[in-house]
Amino acid sequence: MYRTRTWEDERFTLSTLTRALVLLGFIIGILLLVGCQPPQPTSNQTVGNTNVNTNSTAAANTNQSSPAADPGAARVPITLPVVDALLADEEFVTELKRSVQPTDEQFDKLKNVSRDAVVKLGEDAGEDDARSTRSSSADAEKQVKQILGNESGDKFMALARKYWSGGDMTINAKPNSVPTDTRIVVNAPAYRMDVFRDGQLVKSYKVGIGYPEFPLPVGVRSAKSIIFNPTWTPPDEPWVKGEFAPGKTVEAGSKKNPLGFLKIPIGLPSLIHGGKDPSRLGTFASHGCVGLTNPLAQEFATQLASLSETQLSPEQIKGYEKQRSETKEVQLGRPVPVELRYETIVVEDGKLRILRDVYEHGTNTEENLNRVLEVYGVSMASFSPEEQTQIREALKKMAVDPQGNPVEESESNNNNTDKKKPSTSSRVTRNIKGAKEVVIEIAALRGKGYPAPVNINS
């Protein structure tokens, strides 16, 4: 058994794998992702200080004879912190030993290399870091292959991508698809979370997303509970600093608690949670989680309770806020799907929004643009020469990583990792250099596309 941990719970430090013992390992679909949780577990698990039942959609993958990744998972980045989280998942380890068959020595080396990578990463602000998702992925693949060899290393990375992608990868087969049901949609490159009820967008939130080293995963998860006033226990690790003492719990309601007023597990290691400064919304803010300020998290909890037909009034939530020393878990009346997307080309009511390829999936290409436009019955040929020029310039401008370096075109990360020099930085990438999006008005797209934000926080 392994202790279920979240990257955000471990904002300042992650627990060692040897200390990780509690109820049933979790299933990982990563990327942290730091501060947060991988794909969805299969049974009763401990999340924070409470037990949460989360269904694993990735579990079915373990029944397949080959760990080859599906097309939807092909671009999923796997970094060493992701490997660290995966190696704490009992089901992933079982399938790894069955399909890849590492020796005990190789397995121990994988654990030590990935753990060391996590321990060395700090959150000190820095503007000169050259780290990116792809360079972090390149480093991970290089080290995995050094330990396992090329053939077994490829099998490991394919299995890791399949687990980290998790969920249903085909449900959002068409780009910019508008849900017809009730669900939460998070598009990482847009730093946006939308609440849909019966196919109608009722509320939007600007959010913080995972650092490039701890990218948000993709796929469909589910929210099943809200945990108010969570606690946090720093583990006995070298990077527990200052006022934090290993093993000494940061109590519920403490201003030092990185999770804030509440957390909503959406499949380990990811959470939706509070505790973020407003300045971190619309940028990198977590270790694989969706971050909100405490007031926004409180408002979102009200929305989630309504969607799930849960008896939880704003007055009750206010009551939990007044009793910050008491941890309270509320089970939702029914699970609410949470769809995590990575779309950098979005049609939105007459506007073509081309977003920064922050996790370097190689999506800002004409090929992908045409795939998006095809959904709306148009193509580049439908546009004026001036519009075509503007669009091509925007694609090029947004096909860069957080540091402004070009992202290779339309090739999956696993085919490109050797082209990106691994970073030697010991800090996570906190900021983005340059513009985050280009918006172009297109007459042929008027009235078409994904809905514009509704009552989004500025």
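The values are calculated or read from the model by the stated rules, or taken from the named source; none is laboratory data. The shown structure was predicted, so the numbers you read here are calculated from the model rather than taken from an experiment. Here the Cβ positions follow ideal geometry from the backbone for every residue, glycine too, while neighbour counts run over all protein chains shown.
Observations, loosely collected:
- Residue in the stretch 379-388 that is within 22 Å of Val178 (Cβ to Cβ) and either assigned to a strand (DSSP E or B) or at pLDDT 95 or above (or both) present: no
- Residue selection: Leu312 fails the criterion of being under 23 Å from the mean Cα position of the chain (by Cα) and more than 26 Å from Gly282 (Cα to Cα).
- For the stretch 444-458, the tally of residues that are surrounded by fewer than 16 Cβ atoms within 10 Å (Cβ to Cβ) and modelled with pLDDT under 90 stands at 1.
- None of Glu366, Glu360 is of a type in the set (Asp, Glu) and farther than 24 Å from Thr429 by Cα except Glu366.
- Enumeration of residues in the stretch 183-226 that are at pLDDT below 95 and basic (Lys, Arg): Arg221
- For the stretch 345-382, taking the residues that are among the β-branched types (Val, Ile, Thr) and within 25 Å of the chain's Cα centre (by Cα), the one that is nearest to Leu216 (Cα to Cα) is identified as Val358.
- Only one entry of Glu367, Glu339 meets the criterion of being surrounded by 17 or more Cβ atoms within 10 Å (Cβ to Cβ) and of a type in the set (Asp, Glu), and that entry is Glu339.
- Checked against the criteria, Ala68 counts as under 13 Å from Tyr163 (Cβ atoms), among the aliphatic types (A, V, I, L, M), surrounded by fewer than 20 Cβ atoms within 10 Å (Cβ to Cβ) and modelled with pLDDT under 90.
- Verdict on Leu296 being among the aliphatic types (A, V, I, L, M), within 30 Å of Pro175 (Cβ to Cβ) and either within 23 Å of the chain's Cα centre (by Cα) or in the same structural domain as Leu271 (by TED's automatic domain parsing) (or both): yes
- Filtered residue count, the stretch 348-364, keeping only those that are out of contact with any Phe, Trp or Tyr (no Cβ under 6 Å at 6 or more places or on another chain) and either basic (Lys, Arg) or in a strand (DSSP E or B) (or both): 6
- Failed criterion for Leu332 (all others in (1) surrounded by 14 or more Cβ atoms within 10 Å (Cβ to Cβ); (2) in the same structural domain as Glu437 (by TED's automatic domain parsing); (3) modelled with pLDDT of 95 or more hold): (2)
- The stretch 278-312, residues that are surrounded by 19 or more Cβ atoms within 10 Å (Cβ to Cβ), among the small types (Gly, Ala, Ser) and over 19 Å from Ser222 (Cβ atoms): Ala285, Ser286, Gly291
- One residue stands out among those in the stretch 227-273 that are buried (at least 24 other Cβ atoms within 10 Å of the Cβ) and among the small types (Gly, Ala, Ser): the one that is modelled with the highest pLDDT, which is Ser270.
- Matching entry among Pro295, Pro335 (being out of contact with any helix residue (DSSP H, G or I) (no Cβ under 8 Å at 6 or more places or on another chain) and either polar (S, T, N, Q) or part of a helix (DSSP H, G or I) (or both)): Pro295
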